[in-house]
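Below is one structure, written out as structure tokens, with a few remarks after it.
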Amino acid sequence: MDFTDSPEEAAYRAKARAWLEENAPKYAVKRGAAMEDDESHDDMARGKAWQATKAAAGYAQITWPKEWGGAGGTPMQAVIFGQEEARFGVGFGYFTIGLGMCVPTVMAFADEATKTRFVGPALRGEEIWCQLFSEPSGGSDVAAARTRAVRDGDDWIINGQKVWTSGAHYSDFGIVLVRTNPDAPKHKGLTMFWIDMKSPGIEVRPIHQMSGGSNFNEVYFTDVRVKDSQRLGAVDDGWKVSLVTLMNERLAVGGGTGIDYSMILKLARELKTDQGTALGDQAFREKLADWYVQSEGLKFTRFRTMTALSRGQTPGPESSIGKIIAANQLQELSNAAVELEDQYGIIDDAELAPLSAAFQGGLLSAPGLRIAGGTDEILKNIIAERVLGLPGDIRVDKDVPFKDMPTGR
Amino acid sequence: MNFDYSDDQKFLKDEARKFLEAECTPARVRAVLDDAARSYDEGLWAKVAAQGWLGAAIPEAHGGLGLGHIELCAIAEELGRVCAPIPFASTVYFLAEALLLAGSEAQKAEWLPRIAAGEVIGAFATAEGPGAVSAAGLQAKVEGGKLTGTKVPVTDGDVAGVAVVLAKEGAQPGLFLVDLNGPGVARETLKTLDPTRGAARLTFTGAPAERLGGPGEGLALAEQVMDRAAVLIAFEQVGGADRCLIMAKDYALERYAFGRVIASYQAIKHKLADIYVKNELARSNAYYGAWALNAGAAELPIAASAARVAASDAFWFASKENVQTHGGMGFTWEVDCHLYYRRSRQLSLVAGAPRVWKERLVSHLERRNAA
Ligand SMILES: Cc1cc2nc3c(=O)[nH]c(=O)nc-3n(C[C@H](O)[C@H](O)[C@H](O)COP(=O)(O)OP(=O)(O)OC[C@H]3O[C@@H](n4cnc5c(N)ncnc54)[C@H](O)[C@@H]3O)c2cc1C
């Protein structure tokens, strides 16, 4: 065990830092909390330019093979670059879902021509992808998808609705999970396709979210035609394909939330009290210690995952820990910061209170983070059942034909 | 001993609920939420005044209904349940209570009838920026009956006609009544976490100020007003928390995942049970506070602190886990979960954050249990 950089890692870090210092500052933005709502054209243009810059230098997807535009690097190098990059305020969220989940799925299941067509542009930030899995009928229960695809010669015709699709409003492509056989049990009648978001018949309607912004969408499909060649994996085998996407999701989400103990430490130090500053308060110090220990535990757990990865093991369900902790800490810490300010905490105005505005952003986005990409409850079920091997809930939906499954509506 | 509302009080509470279900629908709350120019519902305010609620605990001699504080608590619970977008707390729990507690006969005669009639909105101005209010940090001052200084944030300061202001007079803190429509007052409306409630920054430059209570009594009086307000706000919090539990339960019973209603999963059952337990403990602490308030009991500071701590915790927990139970739907603007999430923050902050009350609670316990 060694928590310091090896000589090679130190050299890589120095190289990455030098490169970042030279290239990153001009793309940096002053950003608020996690899951920012700022999607101005300007922000997107800057994000794309930064992505292209990284791609040209081999920093876009460090662990991907060189033939696909990656650096053929180690997971540790990716961690090191991520740590260094985080210090520059260039964390654009536009590419996470595409590069973290959708494109790896395409790479695993598509033919060479398709891969050649899509991987490069996605890597360079020229094309953005979204994940069209959740539906009104199910987010936790993704396999309950009802959106129908019916074969028509060499095409498929898709009708239905997806919901909570992050970034659909600015995405160029997506991967979509659809029902191709309603007579089979639910996991056995799904098929995955990649889809052009500009296809006739697709309508994207932004959803106003509780935090005020509109990052996610309803996506309606009316007689949308896709070619059979857009299929990823076998017909009715889409569930297996989606598991590859979701496995990658575990690694893509659960990282930093943009708010940590150091920010609330700063806030407490600035808050004068009769005894000095809020940082001197014993109860607050104890909480701060807890948050720090929790974050470090999470960080080092992630490192352990990276070590496992670098030995060729696949990330297991234990990565579910990450998002449960990160999302709940974001909520608790943001709330504690707001309460630390006492009555003043209610003011939600970035100009009057720049630091607290970040916490308020966190307070309003944290509930979404506890739900997106696997709710707290589902993640705990995964830990209980797949890590600890405890028996699952009695299932009533596995062996019945999908069309006969109880749904309440 | 009797640990419940009386039949008359129950009747009042039921009537209040029926009235508010009809008059304070989610659509009405959202009309304030979605309009940045509005910080309260004027129509609802007038109707609430017509019900006599603003003067529920104001003596008949001053134009009120002359009911007790338990009745006011019952109304508060119902206002909390519907997330009422009106300056009720500022006007009734703070201004009217401050006057009842410390006002001279002339001050009572001047203001209480107007409060009861819904003619004046009140505000309680103690904070001067981030952090808990402290005597040492107080900057606002009164000299020769004129107030100078800045108070921020002041809940309902954007619409109030009169404020109770904590300010120094000489070296001593005092409470002062200030006409906000008079000279020397500037207001700036602030954007807040709960847009269904307003707040402002008030800047005073020689505004005429009239002392409420004796010189140097400011902090002690402010604490007594806060105790009263804390009990009443605890009832709003309990009402809101109960509403969250019902929303979560209703949704859990109709939402299917994996072929079953989500209410059949133990993770959801335990979550709802946890909300229920917190709500019931908060309700019991609030009842004790209501008794202490109504009876003018010496236990009020401890009872009020306990009510505030329990109710703040219960409402926060219920509001966030209600969102969680609703899954992706809960994170949307269109679903009402976030109204309660926001209101739970507003109510936890408006009378000072729970951490301040925990400290007060323990210092009172320390004194009471002195060896
Ligand atoms: C900010 C945000 C971004 C999102 N982005 C995307 C996206 O890009 N693409 C996409 O496809 N989807 C996306 N989603 C959807 C997200 O994946 C779902 O909302 C999530 O999986 C929950 O599904 P649901 O909303 O249907 O809730 P439900 O599944 O209905 O869950 C409701 C409640 O029941 C609980 N529950 C459900 N099943 C069980 C069980 N078996 N045991 C115990 N408890 C259970 C849940 O934990 C939750 O508390 C996003 C959601 C959010 C909030």
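Here is a list: B:Gly352, B:Gly327. Which entry is closer than 30 Å to A:Ser134 by Cα and at the interface with chain A (Cβ under 9 Å from one of its Cβ atoms)? Write out each step before concluding.
Numbers: B:Gly352 fails: closer than 30 Å to A:Ser134 by Cα.
Result: B:Gly327 is the single residue among B:Gly352, B:Gly327 that is closer than 30 Å to A:Ser134 by Cα and at the interface with chain A (Cβ under 9 Å from one of its Cβ atoms).
With the requirement that a residue be in contact (Cβ under 8 Å) with a residue 24 or more places away in the chain and within 9 Å of the ligand (Cβ to nearest atom), what does segment A:378-406 give you?
Of segment A:378-406, the ones in contact (Cβ under 8 Å) with a residue 24 or more places away in the chain are A:378-380, A:382-383, A:386-387, A:397-403, A:405.
A:Ile378, A:Leu379, A:Lys380, listed by residue number.
In segment A:377-396, what residues are in contact with a helix residue (DSSP H, G or I) (Cβ under 6 Å, 6 or more places away or on another chain) and facing chain B (nearest Cβ under 8 Å)?
Here is the first cut: in segment A:377-396, the ones in contact with a helix residue (DSSP H, G or I) (Cβ under 6 Å, 6 or more places away or on another chain) are A:377, A:379, A:382-383, A:386-387, A:390, A:392.
Listed by number, the list holds a single entry, A:Glu377.
Check B:Tyr287, B:Tyr276 and return the single one that is more than 30 Å from B:Gly122 (Cβ to Cβ), away from the ligand (no atom under 16 Å from the Cβ) and part of a helix (DSSP H, G or I). Please lay out each step first, then the result.
Details: B:Tyr287 fails: more than 30 Å from B:Gly122 (Cβ to Cβ).
None of the others qualify; the one that does is B:Tyr276.
Only residues that are among the aliphatic types (A, V, I, L, M), farther than 30 Å from B:Gln224 by Cα and free of Cβ contacts under 8 Å to residues at least 24 places away in the same chain: list them for segment B:248-297, please.
Matches in segment B:248-297: B:Leu253, B:Ala257, B:Val261, B:Ala263, B:Ala267, B:Ala273.
What number of residues within segment A:342-396 are under 30 Å from B:Lys151 (Cβ atoms) and not small (Gly, Ala, Ser)? Talk me through it step by step, then tell me what you get.
Initial filter on segment A:342-396 (under 30 Å from B:Lys151 (Cβ atoms)): A:342-364.
Subset that is not small (Gly, Ala, Ser): A:342-344, A:346-349, A:351-352, A:354-355, A:359-360, A:363-364.
The number of residues fulfilling the criteria is 15.
Could you list, in sequence order, all residues of segment A:191-240 that are within 14 Å of another protein chain (Cβ to nearest Cβ), part of a strand (DSSP E or B) and either away from the ligand (no atom under 13 Å from the Cβ) or among the small types (Gly, Ala, Ser) (or both)? Quick ask: steps written out before the conclusion?
Pass one, segment A:191-240, residues within 14 Å of another protein chain (Cβ to nearest Cβ): A:205-219, A:239.
From what's left, part of a strand (DSSP E or B): A:205-207, A:209, A:216-219.
A:Arg205 - this is the single residue of segment A:191-240 that is within 14 Å of another protein chain (Cβ to nearest Cβ), part of a strand (DSSP E or B) and either away from the ligand (no atom under 13 Å from the Cβ) or among the small types (Gly, Ala, Ser) (or both).
Give just the number: which of (1) away from the ligand (no atom under 16 Å from the Cβ); (2) β-branched (Val, Ile, Thr); (3) in a helix (DSSP H, G or I) does A:Ile97 not satisfy?
That leaves (1) as the condition not met.
Which of the following residues is more than 10 Å from every other protein chain (Cβ to nearest Cβ) and crowded, with 18+ Cβ neighbours inside 10 Å: A:Gly368, A:Gly374?
On the way: A:Gly368 fails: more than 10 Å from every other protein chain (Cβ to nearest Cβ).
Going through A:Gly368, A:Gly374 in turn, the sole match is A:Gly374.
Name the residues in segment A:162-180 that are away from the ligand (no atom under 12 Å from the Cβ) and either crowded, with 18+ Cβ neighbours inside 10 Å or part of a strand (DSSP E or B) (or both), would you?
Hits for segment A:162-180 are A:Phe173, A:Val178, A:Arg179, A:Thr180.
Give segment A:113-155 a look and list any residue that's away from the ligand (no atom under 16 Å from the Cβ) and either of a type in the set (Gly, Ala, Ser) or closer than 27 Å to B:Tyr256 by Cβ (or both), or say none.
Correct list: A:Ala113, A:Gly120, A:Gly125, A:Arg148, A:Ala149, A:Val150, A:Gly153.
So, B:Ala307, is that one more than 16 Å from the ligand (Cβ to nearest atom) and modelled with pLDDT of 95 or more or not? So that I can check it myself, show each step before the final result.
On the way: more than 16 Å from the ligand (Cβ to nearest atom): yes; modelled with pLDDT of 95 or more: yes.
Yes; evaluated as a whole, the condition is true for this residue.
Evaluate the following for A:Ser262: is it assigned to a helix (DSSP H, G or I), among the polar types (S, T, N, Q) and modelled with pLDDT of 95 or more?
Values: assigned to a helix (DSSP H, G or I): yes; among the polar types (S, T, N, Q): yes; modelled with pLDDT of 95 or more: no.
No: the conditions fail for A:Ser262.
The values are calculated or read from the model by the stated rules, or taken from the named source; none is laboratory data. Nothing here was measured: the structure is a model prediction, and the numbers come from that model. Every residue, glycine among them, receives a Cβ derived from its backbone with ideal geometry; neighbour counts consider all protein chains shown.
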